[in-house]
Amino acid sequence: MSRIVFVTGGGTGGHYFAAESFIKYLKDNNYEPIFIGSQFGIEKKLAKNLGVEYKLLKTKGFAGKNYIEKIKSIIHLISSTIKCIYYDLKYKPVFVIGFGGYTSFPVLLSASLTNKKRIIVEQNSIPGLANKILANFCNIVFVNFDSTRQFFKKKHVYSTGNPIRKMNFPKNRHFSSNFLRIGVVGGSRGAKTINKALFEFAQIIDDTIKSKIEIIHQTGIDDYKQALEIYQKYNIKSKVYDFIHNMDEFYSSIDIIVSRAGSSTLSEIACYGLPSILVPYPHAIYNHQYFNAQIFEKSNAAKLILDKDFNGYFLKNFIYYIKVNELVEMSNAAFGLCKKEACKNMLNIIEKELVKNGKSN
């Protein structure tokens, strides 16, 4: 039996890193994954590090684009679907799995046309348009959040969590009343609102707070130099990075995180038991980051603050008044949302329903 699997997903880090995690798990379980992404996504730079064969298609997003860009997207979709049909016939994958993003559509559409077994993974609380359509043609749908099941009227919908990178997840966290290490990330490219708020925070806090904090900040390339200058000027103990490659070390080195609310980041935050201040990206399609963050806030794992309301004064007040017992409660709530066995559970279900039982499409 063929052990080749097509894995697709990308455009943004959230889709790509989930796909990457599952690819590594497939390799460890004697499958031969082939990754299919976009020439215009983050995967163009990162896919070469996967250690597997990969293909990059000319695919672009559709939602939120102008008329001309939508026409271009449709042309790319048609040509990419034809190319994927060729890949299906050439490699004969045992199944095809999509982790979201615009590239998933032609890959799974072609898999339907060539009668391959098909799976989609919906990482966010609110499904995107592509996954809503693709779900009708897929054998299995995996969701990250239990509440997302309501959007898919299929029998084979499973809440497994989101595949995350293999890390040294702690069993518990300890907090000090005298010192707080604040981690800051805004996605792979940084976030202007979050960076601006931290720069304001650095300028308005007094020496008492300065002596009790350290900021570990992924700024993105654009604000990197400014962050270095501001933290040095205002005597803030800090470590600044334009991009953090070792997220395991980063999560282990902080007590609380200020972050956007992408699904992959939230999954990792949960399994590290990190209290969080979540600032959802306001222009995310269907406002899905807000609803992702809302799940964490309702579980008491996070404080949700809208992008337009987040500033240095909000952060100052939060840091000034937060108590150790509140951090412990937030941490325990975050651990309660952790689903670190997502890859294992997903593959077990796939093998039971599609691979080992030899079910037809």
Lys, Arg +1 and Asp, Glu -1 on Cβ, resulting dipole of the chain about Cα centre, debye, nearest 20 = 1240 debye
Max mean-square fluctuation residue, GNM over the chain, Cα-Cα springs under 10 Å, options Leu198, Leu304, Leu315 | Leu315
Given a cut-off of under 8 Å on Cα pairs at least six residues apart, what relative contact order in percent is computed for the chain?
-> 16 percent
GNM flexibility winner over the chain from Asn246, Asn292, Asn29 (Cα, springs under 10 Å) | Asn246
Taking only protein heavy atoms and a 1.4 Å probe, what accessible area per residue, in Å², does the chain have with all protein chains in place?
-> 47 Å²
Out of Ile36, Ile126, Ile78, any idea which swings most in a Gaussian network model of the chain, alpha carbons joined below 10 Å?
-> Ile78
With everything on Cα atoms, drop me the angle between helix 104-113 and the longest principal axis of the chain, reported from 0 to 90° to the nearest 10.
-> 20 degrees
Identify the residues of region 76-102 with backbone N under 14 Å of a label point that sits 7 angstrom from the Cα of Lys58 along the Cα-to-Cβ direction, or state none.
-> 76-84
Estimated FRET transfer efficiency when R0 is 25 angstrom, pair Asn325-Lys298 (beta carbons, to 0.05) = 0.80
Kirkwood Rh over Cα pairs of the chain into Stokes-Einstein at 4 °C, 1.567 mPa s: D in µm²/s?
-> 61 µm²/s
Evaluate 2.2 N^0.38 Å with N set to the residue count of region 15-153, then give the Cα radius of gyration divided by it.
-> 1.01
Would you kindly calculate the mean projected area, averaged across all directions, of the convex hull enclosing the Cα atoms of region 112-154, in square nanometres?
-> 2.8 nm²
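Carbon and sulfur atoms: what percent of the 1.4 Å accessible area of the chain do they account for?
51 percent
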Cut-off 15 Å between beta-carbons: net charge of the residues surrounding Ala293, Lys and Arg +1, Asp and Glu -1 | 0
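Using the structure shown, select from Lys72/Lys196; Lys196/Lys303; Lys58/Lys90; Lys45/Lys72; Lys225/Lys303 the pairs with a Cα to Cα distance greater than 26 angstrom.
Lys72/Lys196; Lys225/Lys303, as the Cα separations exceed 26 Å there.
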Given Lys24/Lys44; Lys24/Lys239; Lys239/Lys339, the pairs whose alpha carbons are separated by over 21 Å | Lys24/Lys239; Lys239/Lys339
Return one number: the angle in degrees, 0 to 90 and rounded to the nearest 10, between the long axis of the Cα atoms of helix 312-321 and the longest principal axis of the Cα atoms of the chain.
-> 70 degrees
Within the chain, helix-based [θ] at 222 nm, where runs of 4 or more DSSP H residues each add -39,500 (n - 2.57), nearest 500 = -12000 deg cm²/dmol
Translational D in µm²/s for region 1-97 (Stokes-Einstein at 25 °C, 0.890 mPa s, Kirkwood Rh from C-alpha pairs) = 175 µm²/s
DSSP-assigned coil residues among trypsin sites (Lys or Arg not before Pro) in region 237-279, each with at most 16 further Cβ atoms within 10 Å = Lys237
Rg (one decimal) and Dmax (whole number) from the Cα set of region 86-176, in Å, equal 15.8, 59
Using 0.36 nm per residue, how much length does the chain from Arg165 to Ile82 gain when fully extended, once their Cα-Cα distance is taken away?
-> 26.7 nm
Counting Lys and Arg as +1 and Asp and Glu as -1, what is the net charge of the other residues whose Cβ lies under 13 Å from the Cβ of Gln226?
-> -1
Give a residue-ordered list of calculated ³J(HN,Hα) values for region 204-215 (Karplus: 6.51 cos²θ - 1.76 cosθ + 1.60, θ = phi - 60°; whole Hz; x for Gly, Pro).
-> 10, 7, 8, 5, 4, 5, 4, 6, 10, 9, 9, 10
Quick one: P(r) of region 240-361 from all Cα-Cα pairs, 10 Å bins, percents rounded to integers, in order of increasing distance.
-> 12, 36, 31, 13, 6, 2
The helix 324-336 Cα axis meets the longest alpha-carbon principal axis of the chain at an angle in degrees, between 0 and 90 and rounded to 10, of 0 degrees
Farthest towards the positive end of the dipole of the chain, among Val5, Val121, Leu266 and with Cβ unit charges of +1 on Lys and Arg and -1 on Asp and Glu, lies the Cα of Val5
When only Cα pairs under 8 Å and 6 or more residues apart are kept, what is the percent relative contact order across region 69-131?
-> 34 percent
Isolated cysteines for the chain, Cβ-Cβ cutoff 4.7 Å, are Cys84, Cys138, Cys343
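The values are calculated or read from the model by the stated rules, or taken from the named source; none is laboratory data. Just so it is clear, the model here is predicted, and its values are computed rather than measured. Glycine also receives a Cβ, built like all others from the backbone with ideal geometry; neighbour counts cover every protein chain displayed. Calculation scope for accessible area: heavy atoms of the full protein, side chains included, ligands and nucleic acids excluded. Shrake-Rupley method; radii C 1.70, N 1.55, O 1.52, S 1.80 Å.
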